[in-house]
Amino acid sequence: MTRKGQINLLTAFALCAVIAGLTWFVLDKQRELRFRELAQTESDFRLRALARDVKVRVNAIRHIAALWRKSDASSDEFTAETQDYIDQFPGIRSVRFIDETLVVKFVTPADQPPATGVPLTALGARQLRASELARDSGEITLSGAVDLYDGSGRGFVVYIPIRRGEDFRGLVSVAFNAEEWQRELLLLDDNPHFGNDFSIRIEFDGSLLYADTDFATMGSPQVVSETDQLWGHTLRMQSHPTPSFVKANRDISPEVAALLLGTLLFAGYLQFMLLHRGNQAEARADAGNARLRQVNEALALEVDDRRRAEAAARQSQAATSRFLTTMSHEIRTPLNAIMGMFQLIEAADIPERHRKQAAAGYASSQRLFRGLTNVLEVSRLDAGALTIVEDHIELEPLIANWHATLEGIVIRSGKPLDMHLELGDALPKTVHIDAGRVTQIVTNLVDNAVRFTATGSITLAVHMAGRSGNSLEIEVRDTGEGIPEERRHTVFQRFYQLDNGLARQHQGSGLGLSICRDIARLMGANLTHSDRKPLDVGSGSTFTLRLHSVHPRRGALSE
Amino acid sequence: MKILIVEDDHVLCDVFATSLRDAGHEVHKAFDINSAIDRLRGRGYGLVILDYYLPDGISLPVAEYTCVACPDARIILLTGSGVFPNGEASILAPCVDWMLRKPVPLEDLHALVDYAALDAESRPS
C-alpha cells in the first residue's frame, strides 16, 4: 500500500472513531439522565412511604387516647393496649402517657427511661415545645429530630393530645427510633432491596434524623427527594445509589451503539475503497489489455512480414540453387563438346603442329572447366544453396572409388608418381556422411597433390581417430614442394595460390582448397594442413579431413 | 554396336557420334525425349547414351522405355549437374547401367563403350 493510501486509511479510521465517540457522549448523557430519573423516582417513593408510615402508626395509637375520653385509664389498661401496639409496630421505642402537668405517668415498656414521674421539661427544648403546642392547640405535634432520652440514638417523638370535652387530660407520646423505623416500614414497601440499592440520609427541618454509615463516603451522584410535610415539619431524604443499584441498572447500549456505528462506518469506507480500487484496477487492466492487443497486432504484422520475407528469401534461394544447377549443366555440356572437338581433331590425321594446337586447346578447355566448376561451387556456397545430405554409406566401395579417382588423375597427369593406400584397423562397415561432398573434397585434395608433385608418391590414408574412435580421418600426403611457413596461413583463402610463377605453371584459380574447407565446415568436419617432417619446403604436404561422429552405432568393418 | 545418343546439344552429340563412328560403331542421334522414344521403337540398340537434362524434361522415362523397347540395351547416363554425384542413379533409376559426369573425355567414353560391347557379346542372347 502506498503512503497516501495509508494516510487515507488512518484518516478514515480517525473520523469513524470521532463519530463513534460523539455518539457515545450523547448516548452516555442520556443514560445518566435516565439513571438519575430512576434513582429520583425510587427516592421520592421511599420518602412518601416513610411519611405515610408515620401517619399510619400515629392513627393506630389514637384509640389509646380514646381510653381517657370517659374516665382516666389505669396503668394496666394502658400497658395492655400499648404493649400490643409496640409489638405490632417495630421501630416504636416506647409509648407514654403524660398527664396534664406534663409529667410522665405511664411508660410502656416499663424499663424505658424517662420513667414515671419525669417532667417533660427534663427532655429537652424540642420535646417540651412540641408537647406544649399539642396541649395548647389540641393537635397532634411532632418533636423533630432529637436524641432519644434512652440513649438509643436519633429519633423523633409524636405527641397526641387527649381531651375530654374542653378539658385537656394529657398527652400520649410515641417515640420513634429512626434507625429501626426506617428499616421496618410496614406499608407499601414494594421495593425490599431499597436498603441495598441506596445509601440514605433523612432530615427533619434540615437537622439529621438518620444517615447510613456509608452515606458520607459515597461518591456516586446524590439524589435529593421531594419534601413531605408531617404536622408542620419538613421531611426530606437524600440518597446515593449504591454500586449494587448501579450494577442492577447497568446499561451498555451507548458503548454498543457507538462501537457498532464506528465499525459499520469504517467497514463501509473499506467497502467503498475496495470497490473504487477494483474499478481503478479494472480500468488500468483494460488500458493494459488494449496496449497489449496493439502490441500483439503489431507483432503479428511483423511476424507476417518476416514470414513473407523469409518465404521470399527461401524462394529466391531455391531459385538460385535451381539456376546454379542448371548453369552447371549448361556450361558443362558445351564445354564437353569443345573438349570432344579438340580430342577429335587431335586424333585426326593432321600435321603435328596442329595436333599440338588441338592438345593445347583441350588442356585450356579443361582448365576453363575446372575454373567454372569452382566459381559455380563458390556461388553455391555463398548463396547457401549447397546442402549437406548425410546417409549411411558403405565405406569400402567408397574408398575404392577414391583410390580409382587417384589412379585416374595420376595416369592422366602422366607424371611418374607412386600411389599408396593406407587403411586403418577398425574401419566401420558403414559410415554416416554426405559421400558426394566428401568425395568432392578428396578428389580436390588428390588433384591438388598430383598437380603440385613432380616426382615421388601420393598416399591416401583412411583410419578412425578421435578419443572415442568415432571420427573418420582421411589423409592425402604428397612429396611435392610443400608450402613455405610464411604462406601457410593463406592456404585456405580464396583466390590464393603459392606464387604467380607456380600458378601459371599449375594453372588453377586458387579456389579449390577454400571450397573444400567451406564444404567441410558445412558438414561439421575439419580440413587441416600440415607439413611432413622435416619441415622444409620440398618435404611435401599432408591434408587431413576429419569427419566427426560418422558412426553412432560402433562396429568394425568385419561385422 | 548399335548406339543411340540422346543429347540436346547438337555439337556435343556430333562429337560423340563422330568419335564413336570412327571407332566403328553404328550411331544414331536424338535431341529430345520424344524423338528418342520414336527412335527406340524396334531398332534393337545395344547401347543408349542418355543425357540427364533434355529440353522436354528429365530423361529417366527414356531409360525406362529403353528397358521395355530394347531389353538388351545398356544405358550410360550423362549428367552435368550435381544431382547424382555418387552414382545414386543406379539405385533411383534401375535401368541405368553407368553414369558419367560431364565433361566426359572421349577416351573415357570409348573405354566404357568398348566394355559395354564386350559385355553384350559375352551375353548368351
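The values are calculated or read from the model by the stated rules, or taken from the named source; none is laboratory data. Since this is a predicted model, take the numbers as computed values, not measurements. Every residue, glycine as well, gets a Cβ built from its backbone with ideal geometry; the counts of neighbours run over all protein chains shown.
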Looking only at region A:281-322, count how many residues are modelled with pLDDT of 90 or more and of a type in the set (S, T, N, Q). 3
Residues satisfying the stated conditions in region A:147-166, i.e. closer than 16 Å to A:ARG93 by Cβ and not in a strand (DSSP E or B): A:LEU148, A:TYR149, A:ASP150, A:GLY151, A:SER152, A:GLY153
Quick check on my filter: what residues within region B:68-80 are more than 13 Å from the chain's Cα centre (by Cα) and crowded, with 24+ Cβ neighbours inside 10 Å? B:GLY80
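Given the condition closer than 24 Å to A:GLU203 by Cα, among the hydrophobic types (A, V, I, L, M, F, W, C) and modelled with pLDDT of 85 or more, answer yes or no: does some residue in region A:96-105 qualify? If you could, list the steps in order and put the result at the bottom.
As a first pass, look at region A:96-105 and keep what is closer than 24 Å to A:GLU203 by Cα: none.
There is no residue in region A:96-105 that is closer than 24 Å to A:GLU203 by Cα, among the hydrophobic types (A, V, I, L, M, F, W, C) and modelled with pLDDT of 85 or more.
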Kindly indicate the residue of region B:43-54 that is aromatic (Phe, Trp, Tyr) and closer than 14 Å to B:LEU78 by Cα and also farthest from the other protein chains (Cβ to nearest Cβ) among those meeting that condition. B:TYR52
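Which residues, counting only those in region A:236-262, are more than 30 Å from A:GLU226 (Cβ to Cβ) and in contact (Cβ under 8 Å) with a residue 40 or more places away in the chain? Steps first, answer last, please.
Within region A:236-262, the subset more than 30 Å from A:GLU226 (Cβ to Cβ) is A:252, A:255-262.
Matches in region A:236-262: A:GLU255, A:ALA257, A:ALA258, A:LEU259, A:LEU261, A:GLY262.
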Here is a list of conditions, (1) touching a strand residue (DSSP E or B) at 6+ places or on another chain (Cβ under 8 Å); (2) in a helix (DSSP H, G or I); (3) within 24 Å of A:ARG34 (Cα to Cα), and A:ARG201 meets all of them except one; can you say which number that is? (2)
Condition check: part of a strand (DSSP E or B) and assigned by TED's automatic domain parsing to the domain that holds A:ILE92. Does A:GLU226 satisfy that? no
How many of the residues making up region B:43-67 are of a type in the set (D, E, K, R) and crowded, with 23+ Cβ neighbours inside 10 Å? 1
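For region A:102-123, give me each residue that is assigned to a strand (DSSP E or B) and either charged (D, E, K, R) or surrounded by 16 or more Cβ atoms within 10 Å (Cβ to Cβ) (or both).
Those that are assigned to a strand (DSSP E or B) and either charged (D, E, K, R) or surrounded by 16 or more Cβ atoms within 10 Å (Cβ to Cβ) (or both): A:VAL103, A:VAL104, A:LYS105, A:PHE106, A:VAL107, A:THR108.
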Give all pairs with beta carbons closer than 8 Å in which a residue from region B:82-107 that is within 11 Å of another protein chain (Cβ to nearest Cβ) meets a residue that is in a loop (DSSP other than H, G, I, E, B) and modelled with pLDDT under 70; count only pairs at least 6 apart in sequence or on separate chains. B:ARG101/B:PRO85
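Matching residues to (1) more than 14 Å from chain B (Cβ to nearest Cβ); (2) out of contact with any Leu (no Cβ under 7 Å at 6 or more places or on another chain):
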site: A:ALA312; (1), (2): yes, yes
site: A:ALA318; (1), (2): yes, yes
site: A:LEU324; (1), (2): no, no
site: A:ILE331; (1), (2): no, no
site: A:GLU346; (1), (2): no, yes
site: A:ASP349; (1), (2): no, yes
site: A:LYS356; (1), (2): yes, yes
site: A:SER365; (1), (2): no, no
site: A:ASP382; (1), (2): yes, yes
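Looking at this structure, is B:LEU40 more than 10 Å from every other protein chain (Cβ to nearest Cβ), surrounded by 22 or more Cβ atoms within 10 Å (Cβ to Cβ), of a type outside the set (Ser, Thr, Tyr) and under 21 Å from B:TYR115 (Cα atoms)?
For B:LEU40, the condition - more than 10 Å from every other protein chain (Cβ to nearest Cβ), surrounded by 22 or more Cβ atoms within 10 Å (Cβ to Cβ), of a type outside the set (Ser, Thr, Tyr) and under 21 Å from B:TYR115 (Cα atoms) - is not met.
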Report, by residue number, each residue of region A:63-102 that is farther than 13 Å from A:VAL172 by Cβ and among the small types (Gly, Ala, Ser). A:SER71, A:SER74, A:SER75, A:ALA80, A:GLY91
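For region A:144-177, which residues satisfy the criterion of being in contact with a strand residue (DSSP E or B) (Cβ under 9 Å, 6 or more places away or on another chain) and among the charged types (D, E, K, R)? So that I can check it myself, show each step before the final result.
Quick first cut of region A:144-177, residues in contact with a strand residue (DSSP E or B) (Cβ under 9 Å, 6 or more places away or on another chain) only: A:144-150, A:152-163, A:168-177.
Within region A:144-177, A:ASP147, A:ASP150, A:ARG154, A:ARG163, A:ARG169 meet the criteria.
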Criterion: of a type in the set (A, V, I, L, M), under 31 Å from the mean Cα position of the chain (by Cα), farther than 29 Å from A:ASP147 by Cα and part of a helix (DSSP H, G or I) - qualifying residue of A:LEU292, A:LEU299: A:LEU292
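Just checking, which of A:GLY262, A:GLY206 is over 17 Å from A:GLU42 (Cα atoms), buried (at least 16 other Cβ atoms within 10 Å of the Cβ) and among the small types (Gly, Ala, Ser)? Lay out the reasoning, then the answer.
Working: A:GLY206 fails: buried (at least 16 other Cβ atoms within 10 Å of the Cβ).
After ruling out the rest, the residue left standing is A:GLY262.
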Selection from region B:1-37 of residues within 14 Å of chain A (Cβ to nearest Cβ), assigned to a helix (DSSP H, G or I) and of a type outside the set (A, V, I, L, M, F, W, C) yields B:HIS10, B:ASP14, B:THR18, B:SER19, B:ARG21, B:ASP22
Is region A:473-484 home to any residue that is in a helix (DSSP H, G or I), surrounded by fewer than 19 Cβ atoms within 10 Å (Cβ to Cβ) and not aromatic (Phe, Trp, Tyr)? no
Residue set A:ALA39, A:ALA65, A:ALA49; condition of a type in the set (A, V, I, L, M), assigned by TED's automatic domain parsing to the domain that holds A:LEU230 and out of contact with any strand residue (DSSP E or B) (no Cβ under 9 Å at 6 or more places or on another chain); output residue A:ALA49
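Checking the structure you have, find out if any residue of region A:364-380 is touching a residue at least 24 places away in the same chain (Cβ under 8 Å), outside any helix (DSSP H, G or I) and outside the structural domain of A:HIS463 (by TED's automatic domain parsing).
Step one: filter region A:364-380 for residues touching a residue at least 24 places away in the same chain (Cβ under 8 Å), giving A:365-380.
Right, trim to outside any helix (DSSP H, G or I) and you get none.
No.
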Quick check on this structure: which one of A:SER131, A:SER143, A:SER152, A:SER173 is closer than 30 Å to A:GLU42 by Cβ, small (Gly, Ala, Ser), touching a residue at least 12 places away in the same chain (Cβ under 8 Å) and buried (at least 21 other Cβ atoms within 10 Å of the Cβ)? A:SER143
Among the residues in region A:202-209, are any of a type outside the set (Ser, Thr, Tyr), over 30 Å from A:ILE86 (Cα atoms) and in contact (Cβ under 8 Å) with a residue 12 or more places away in the chain? no
